[in-house]
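Comments concern the structure below.
The values are calculated or read from the model by the stated rules, or taken from the named source; none is laboratory data. Predicted model only: the values in this text are computed from it and were never measured. Note: ideal-geometry Cβ built from the backbone for every residue, glycine included; neighbour counts use all protein chains shown. Please note that ligands, DNA and RNA were not included when accessible areas were found on the heavy atoms of the full protein model with its side chains. Shrake-Rupley method; radii C 1.70, N 1.55, O 1.52, S 1.80 Å.
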Amino acid sequence: MVTDFYTYEPRLGHGLAHDPFNAIIGPRPIGWISTVDAAGILNLAPYSFFNAFNYAPPIIGFSSSGYKDSVRNARESGEFVWNLATRALAEAMNSTAATVGPEVDEFALAGLSPMASSVVKAPRVGASRVAMECKVADVVQLKSAAGVMVKTWLVLGEVVMVHIDRTLLKDGVYDTAAARPILRAGGPTGYAEIRPEVMFDMVRPK
Ligand SMILES: Cc1cc2nc3c(=O)[nH]c(=O)nc-3n(C[C@H](O)[C@H](O)[C@H](O)COP(=O)(O)O)c2cc1C
C-alpha cells in the first residue's frame, strides 16, 4: 500500500514544476482534425483532448481550449475529418500545431497533400493510413461543477465514412500496432508510439 501521496487541489495550483494532469491522463490518442472554412481555406490541427464516445452510431470528439479555427470551421460547416497520426507523420503532425491565422492552410505549411473525402468537404491527410469523415453532432461549451462557463468547446461528430489502409487489416482484424500510432504522453514534449511488443491480450469476464 502506498502511504506517501503528493496531494493537491487543482483550484489552488499543483505546486510542481509541470502540471501533472495531462501526463497522468496519458498517453492520449491524437485527434488530427481537418476542416475547411466558408472561403474554402483548409485547416489541420492536432487535439489530444480527443477520444471515441460511442459505438453505434460511432461518435468521436475533440476538445479545444479556446475557440480555435478547428471548432469554428467544424461548427460552421458541420463537418470534420479525423486523421490517424503515426510515427512516420509525427513531425508533420507537430508542425500543424503552429499558432497561425485562419488564412494559413496547415496542409501546405506541413508539406502534406490533401486527399478528397467521400462525403464531407474537408479533405483528409493523404499520407495518413486511416481517416474518418464526420458530421458534427454537437458542440458543447464546457462548464465547471459550479456551472461557470469555461472557454473550452467539445466538438462531437458522427463518423459517416471510414478509410483504412488495407495492409493494416489482417484476416479482417484491424492491426492497431502495425500502423505505429503515436499518442501524447507526459510533460510538454512527450509522446508514446504503439509498437507490437507493448500490446497484450485479456479476455473480458462474462
Ligand atoms: C500533440 C498536440 C496535441 C494538442 N492538443 C490540443 C488539445 O487537446 N486542445 C487544444 O485546444 N489544443 C491542442 N493542441 C494545440 C493546437 O493544436 C494548436 O493550438 C493549433 O494551433 C490549433 O489549430 P486551429 O486553430 O487551426 O484549430 C495540441 C497540440 C499538439 C502538438
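Things worth noting here:
- Condition check for Thr189: in a strand (DSSP E or B), within 24 Å of Ser63 (Cβ to Cβ) and of a type in the set (S, T, N, Q): no
Residue-by-condition table, conditions (1) exposed (fewer than 10 other Cβ atoms within 10 Å of the Cβ); (2) small (Gly, Ala, Ser); (3) more than 22 Å from Gly187 (Cα to Cα):
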position	(1), (2), (3)
Met1	yes, no, yes
Tyr6	yes, no, no
Arg11	yes, no, no
His14	no, no, no
Ala23	no, yes, no
Pro27	no, no, no
Ala38	yes, yes, yes
Ile41	no, no, yes
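- When residues in region 126-138 are screened for being among the polar types (S, T, N, Q) and open to solvent by 60 Å² or more (accessible area, probe 1.4 Å), 0 of them pass.
- Filtering region 52-67 to residues that are in contact with a strand residue (DSSP E or B) (Cβ under 7 Å, 6 or more places away or on another chain) and either over 10 Å from Thr152 (Cβ atoms) or surrounded by 13 or more Cβ atoms within 10 Å (Cβ to Cβ) (or both) leaves Ala52, Phe53, Pro57, Pro58, Ile59, Ile60, Gly61, Phe62, Ser63, Ser64, Tyr67.
- Some residue of region 139-150 being closer than 28 Å to Ala90 by Cβ and surrounded by 15 or more Cβ atoms within 10 Å (Cβ to Cβ): no
- Among the candidates Asn22, Asn43, Asn54, the residue that is under 20 Å from Cys134 (Cα atoms) and either of a type in the set (Phe, Trp, Tyr) or within 15 Å of the ligand (Cβ to nearest atom) (or both) is uniquely Asn43.
- Residue tally, condition open to solvent by 60 Å² or more (accessible area, probe 1.4 Å) and either within 17 Å of Val130 (Cα to Cα) or modelled with pLDDT under 95 (or both), over region 151-174: 11
- Test: Val150 is of a type in the set (Val, Ile, Thr) and not in a strand (DSSP E or B): no
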